[in-house]
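Step one of this worksheet: look at the structure below.
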Amino acid sequence: MKRTKKHILLLLLCMTLILSTCITAFAEGEGNIDSGSGNMGEGTATDVWNNKDGVRITVVTTDGTVVSTPFDLTNFNIANDTLHFGKVCKLEYTAGASLSPGTGSYVCSKPGTALPRIISGGTNKASIDAIKRYFCSEYAAQLVADKSGIPFQDLISGSYKLIIEPIAYFVHGGVNYAMTATEAALYNQLSSGNLRRKLASLTHQNLPLALFLERDDLGYPAWTGTTNSKVPDDQILAALGIGIVSYADVPEADLQAPDYTYRVNTDVITSITLSSATEVNPDNPASVTFHINGGTYTVNNIVMPAGSSQLVWVKWHTPSQPVSIPIEVTVTGATTAKTNFIARIVSLEENTPPDPLATDTNPRFSVSSLPATPQNTQASWSVWSAEWEPKWEWVENWTWKENLQWKENWVDEPFWYSVPKECYPRCDASGQKECAEIHREWLESTHQVDKGEWVDNGSWVDNGRWVDNGHYVFTSTSYAASINASMEIHPDDIVPTAVGDTMKSGYGIKETATAQFLSNSPSSHYTPVQTAITYFPEFEYQTYWRLLAGDGGNPATFTFKPNVYSTYGRSVHFTPVWYPDNTSYTVYTHVIDAWTPAGMLSVNINDSIYIQGSMFDDWYSKRE
């Protein structure tokens with residue numbers, strides 16, 4: 001039965017600046033390339049934006065009535081002492097709400113599935129396609145339902161809309177701020193233009209132009225102005241820094257959360273669980289056929305004892321482009337809970353860190369804790385097999401075999417016996433002669449007669465046969481898999497002043513990560529490790545990452561790809577020149593895409609070098 005159709009009309013227009021892939025490692029979409037944002041990662045110690053962004057979400061009715069308290073989402077760790085202006089949405093400011101400092105510490109949430117990049121800055125690009133996919137997903141709708149307290153089915157009934165506003169987290173006048181585009185414009189007016197003078201590229205270009213409407217809605221016009229230059233306060237307040245999501249009349253499949261998420265161009269395993277209340281044996285085995293992306297994969301001869309279950313899987317290769325693929329499963333001889341699935345194939349683009357500059361500063365930097373990314377280093381599964389165990393038994397079939405024989409019975413039997421006498425002449429009146437009469441005599445002498453009968457001297461005969469009343473004996477063969485990994489980072493070979501693993505900041509480091517997949521199962525049961533992603537402390541292990549190059553072996557070896565900013569084409573990552581002295585520089589790598597019937601294995605690894613001094617120390621000469 002088809003479910004009720006829902007529809008999401010995303011009124012978020014294309015981004016105006018350089019738009020990026022998602023911020024998460026599993027980003028979807030390509031960046032739209034437009035004019036840049038200008039040195040957004042730079043600034044002074046007291047006025048700087050370090051590429052931290054987020055969104056404010058408010059649920060309103062279709063006529064624009066606010067029905068939920070706005071809430072803020074971000075991927076970043078935001079300090080509690082960040083100055084903010086409360087949870088007020090653009091509609092409320094438009095209706096006359098004034099800008100006033102919020103009370104208490106700043107509150108925001110990290111979504112379970114990371115937000116895509118919202119605000120572009122320098123080489124840190126955002127992708128409008130990724131933003132649309134995220135906020136039009138069932139996951140986002142369910143997240144909003146949970147946060148707002150509005151039941152999910154009511155939220156997507158067509159009676160509500162979402163107001164989405166970009167938020168920038170930055171330092172102004174030495175103070176941490178959280179502002180939407182509307183709040184930044186109002187604040188700039190109150191400060192007589194001081195905010196624009198200090199952070200114009202952020203507050204009056206990248207932030208307001210991050211989201212705007214492609215058609216009129218809720219009293220706000222579609223934006224038709226510049227997409228690559230600074231805009232004044234009045235235009236921001238009238239039309240910018242807002243996106244609207246509406247739910248009405250789209251097939252619910254568009255809202256459906258994926259059952260499986262895979263990376264592009266990757267060997268993966270898709271599995272289901274069969275069960276049966278009765279025995280499934282080789283005489284009547286079960287069968288499963290997977291229909292995936294135009295291909296058909298059939299698994300035959302599936303067996304299991306009564307009341308048990310069995311994992312059934314197929315190994316296949318994902319497409320090279322992001323896409324959602326329906327998977328249909330046909331089952332005979334057993335049952336499964338679900339036969340239709342959605343596999344989301346996502347892009348895993350490298351979000352390359354920006355070109356490190358000698359002028360980069362980050363005076364408020366503090367070392368972040370390593371991510372607590374879930375890992376799964378072991379998996380186990382089993383496969384049923386069946387073997388016949390004979391039990392020969394004799395089955396009787398008694399029948400009577402007839403043997404008729406004549407039983408003689410001789411007896412004496414007297415009888416009358418006629419004896420003719422000699423004829424003699426006898427005259428009668430006519431003068432004729434007549435024959436003599438026949439003379440009868442009773443013979444009492446013995447005359448034996450057989451008075452016997454047929455007698456059946458047969459017997460009972462067992463015409464039975466040997467019957468094999470054996471049964472199938474089921475054996476469960478257990479399989480297990482695990483991965484282990486290690487990594488080493490060292491100063492690049494051409495760093496002139498490195499001593500062991502101690503070096504000055506600003507130079508490059510190299511990485512070698514090794515991951516081994518171990519299993520007692522056939523190769524059809526698994527894929528080896530295929531992906532490794534590395535994150536860095538200067539970006540709080542977020543925002544930017546490097547997708548390592550692997551050799552496809554087992555053990556698999558992963559290294560940095562050649563750095564586009566390296567003069568000598570070195571396969572390195574450059575440490576920031578401002579990184580604090582006497583501090584460990586710890587690199588974190590997440591190893592994934594080792595697939596088994598029981599799911600994907602992953603492991604987290606890290607290694608450190610020690611920063612002592614700056615590369616400036618090697619090139620500075622004091623002259624009298």
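Yes/no per residue for (1) over 38 Å from the mean Cα position of the chain (by Cα); (2) on the phi > 0 side of the Ramachandran plot; (3) in a loop (DSSP other than H, G, I, E, B):
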position: A185; (1), (2), (3): yes, no, no
position: N188; (1), (2), (3): yes, no, no
position: L195; (1), (2), (3): yes, no, no
position: L199; (1), (2), (3): yes, no, no
position: Q205; (1), (2), (3): no, no, no
position: A222; (1), (2), (3): no, no, yes
position: G225; (1), (2), (3): yes, no, yes
position: V231; (1), (2), (3): yes, no, yes
position: D234; (1), (2), (3): yes, no, no
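Looking at region 97-105, can you tell me whether even one residue there is in contact with a helix residue (DSSP H, G or I) (Cβ under 9 Å, 6 or more places away or on another chain), surrounded by 15 or more Cβ atoms within 10 Å (Cβ to Cβ) and either of a type in the set (K, R) or more than 22 Å from G219 (Cβ to Cβ) (or both)? Within region 97-105, not a single residue is in contact with a helix residue (DSSP H, G or I) (Cβ under 9 Å, 6 or more places away or on another chain), surrounded by 15 or more Cβ atoms within 10 Å (Cβ to Cβ) and either of a type in the set (K, R) or more than 22 Å from G219 (Cβ to Cβ) (or both).
Among the candidates S571, S602, the residue that is within 30 Å of V312 (Cα to Cα) and touching a residue at least 60 places away in the same chain (Cβ under 8 Å) is uniquely S602. Would it be correct to say that G550 is without any contact (Cβ under 8 Å) to a residue 24 or more places away in the chain, on the phi > 0 side of the Ramachandran plot and surrounded by fewer than 23 Cβ atoms within 10 Å (Cβ to Cβ)? Taking the combined requirement at face value, the residue does not satisfy it. Scanning region 73-93 for residues that are acidic (D, E) and crowded, with 20+ Cβ neighbours inside 10 Å yields no hits at all.
Residues checked against (1) closer than 30 Å to I269 by Cα; (2) part of a loop (DSSP other than H, G, I, E, B); (3) outside the structural domain of I494 (by TED's automatic domain parsing):
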position: P528; (1), (2), (3): yes, yes, no
position: P580; (1), (2), (3): no, yes, no
position: T586; (1), (2), (3): no, no, no
position: W595; (1), (2), (3): yes, no, no
position: N604; (1), (2), (3): yes, no, no
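For region 587-605, the condition holds for no residue, the condition being that it is of a type in the set (S, T, Y), at pLDDT below 95 and either touching a Cys at 6+ places or on another chain (Cβ under 7 Å) or within 20 Å of G508 (Cα to Cα) (or both). Of all the residues that make up region 207-220, how many are within 39 Å of the chain's Cα centre (by Cα), part of a loop (DSSP other than H, G, I, E, B) and touching a residue at least 12 places away in the same chain (Cβ under 8 Å)? Matching residues across region 207-220 total 5. Scanning region 453-483 for residues that are in a strand (DSSP E or B), closer than 16 Å to N397 by Cα and polar (S, T, N, Q) turns up just one, S459. Residues in region 110-152 that are basic (K, R) and under 24 Å from H204 (Cα atoms) were compared, and the one that is surrounded by the fewest Cβ atoms within 10 Å (Cβ to Cβ) is K132.
Residues of region 322-357 that are at pLDDT below 85, out of contact with any helix residue (DSSP H, G or I) (no Cβ under 8 Å at 6 or more places or on another chain) and in a loop (DSSP other than H, G, I, E, B): P322, S347, L348, E349, E350, N351, T352, P354, D355, P356, L357.
Name the single residue, out of those in region 479-507 being of a type in the set (G, A, S) and touching a Ser or Thr at 6+ places or on another chain (Cβ under 8 Å), that is nearest to Q612 (Cα to Cα). My answer is S505. Checking each residue in region 471-504 for being buried (at least 20 other Cβ atoms within 10 Å of the Cβ) and touching a helix residue (DSSP H, G or I) at 6+ places or on another chain (Cβ under 9 Å) picks out A481, K504.
All conditions in (1) hydrophobic (A, V, I, L, M, F, W, C); (2) crowded, with 18+ Cβ neighbours inside 10 Å; (3) free of Cβ contacts under 8 Å to residues at least 40 places away in the same chain hold for A306, with the sole exception of (2).
Residues that are of a type in the set (A, V, I, L, M, F, W, C), free of Cβ contacts under 8 Å to residues at least 40 places away in the same chain and touching a Pro at 6+ places or on another chain (Cβ under 8 Å) do occur in region 144-167. Filtered by the rule that a residue be at pLDDT below 85, part of a loop (DSSP other than H, G, I, E, B) and out of contact with any strand residue (DSSP E or B) (no Cβ under 8 Å at 6 or more places or on another chain), region 132-177 gives a lone residue, S137. In the set (1) polar (S, T, N, Q); (2) assigned by TED's automatic domain parsing to the domain that holds I118; (3) in contact with a strand residue (DSSP E or B) (Cβ under 6 Å, 6 or more places away or on another chain), the condition left unmet by T289 is number (2).
The conditions of being out of contact with any Asp or Glu (no Cβ under 7 Å at 6 or more places or on another chain), part of a loop (DSSP other than H, G, I, E, B) and modelled with pLDDT of 90 or more are not met by N301.
The values are calculated or read from the model by the stated rules, or taken from the named source; none is laboratory data. From a predicted model like this one, the values you see are computed outputs, not experimental measurements. Ideal geometry is used to build each Cβ from the backbone, glycine not excepted, and the neighbour counts take in all protein chains shown.
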